Amino acid sequence: MLTGLIILTAFFFLNWRRFAFGLPLGPILMSGLTFAIVPTGVAFADRSDKDSFLWPAGLFVTLLSTGLVGLLSGYLGLAQLGIAHAALLGGLLLIPFLGLVFGSRKPIFKIPTDTAWIFLTNFGVLGVMLASFATNLHPAAYCLLLITLISPLGAAYLLPMRPALLTTLVSCAISAIPATGAILIAFSHF
């Protein structure tokens, strides 16, 4: 609920001056999709205690692709923010992932679900910024970014295997499919 309130506040704060001139329908619809999908992701991420890499890996791919789509959509500031968030989350994921690569059966430390909540909320605000201010954003690219965001839901059902290393790699690959589509659509409309 708090995530939805933060996203709604960001939308009104970023667009309050534009309401006087008639905000186009596109940013409203894309922000509405963000408002609907991100809290859903938060609800499921809070319940996924068994897979500590599932949501953070999906969020890493989402934030990285958001930065690239922002760059290709004419919003350089958001590109820098998205890639910086991806670098921060990637650094958090690196140490436990290297532990798995070098033979540990379980991650060295578990990434708390609060971390996923914070990064999902950050993506919600970045998504509203992208929808509101990107000059060349294609709606299909934005929708694919949102599908990338919720791809861990599908990965949780498609990955009955338990080896954490394999689960992490397959989860990233599943998230990369819609992310690649979003980047290619944004590149084709650059």
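The values are calculated or read from the model by the stated rules, or taken from the named source; none is laboratory data. Quick caveat: nothing in here was measured; it's all calculated off a predicted structure. Virtual Cβ from ideal backbone geometry, glycine too; neighbours counted across all protein chains shown. Just the protein is used for accessible areas: all its heavy atoms, side chains included, with ligands, DNA and RNA removed. Shrake-Rupley method; radii C 1.70, N 1.55, O 1.52, S 1.80 Å.
Observations on the structure shown:
- Estimated FRET transfer efficiency when R0 is 30 angstrom, pair residue 190-residue 9 (beta carbons, to 0.05): 0.45
- Helix 2-15 axis, angle to the chain major axis (alpha carbon atoms, nearest 10°): 30
- If you model the chain as an ellipsoid using its alpha carbon gyration tensor, with each semi-axis the square root of five times an eigenvalue, the axes come out at 30, 17, 14 Å, biggest first.
- In degrees, nearest ten, helix 54-72 long axis to first principal axis of the chain (Cα): 40
- Spacing of the two label points (7 Å from each Cα toward its C-beta) at residue 16 and residue 135, in nm: 2.6
- Gaussian network model of the chain, Cα within-10 Å springs - most flexible of 97, 12, 123: 12
- Calculated [θ] (222 nm, deg cm²/dmol) that DSSP helices of n ≥ 4 give over the chain, each run adding -39,500 (n - 2.57): -26500 deg cm²/dmol
- Taking the C-alpha atoms only, the angle from helix 113-133 to the longest principal axis of the chain is near 30 degrees.
- Here the 3J(HN,Hα) profile of the range 148-155, calculated from phi with Karplus coefficients 6.51, -1.76 and 1.60 at θ = phi - 60°, is 4, 4, 9, 4, x, 4, x, 5 Hz, Gly and Pro shown as x.
- For the chain, carbon and sulfur atoms together expose 76% of the accessible surface, with a 1.4 angstrom probe and every protein chain in place.
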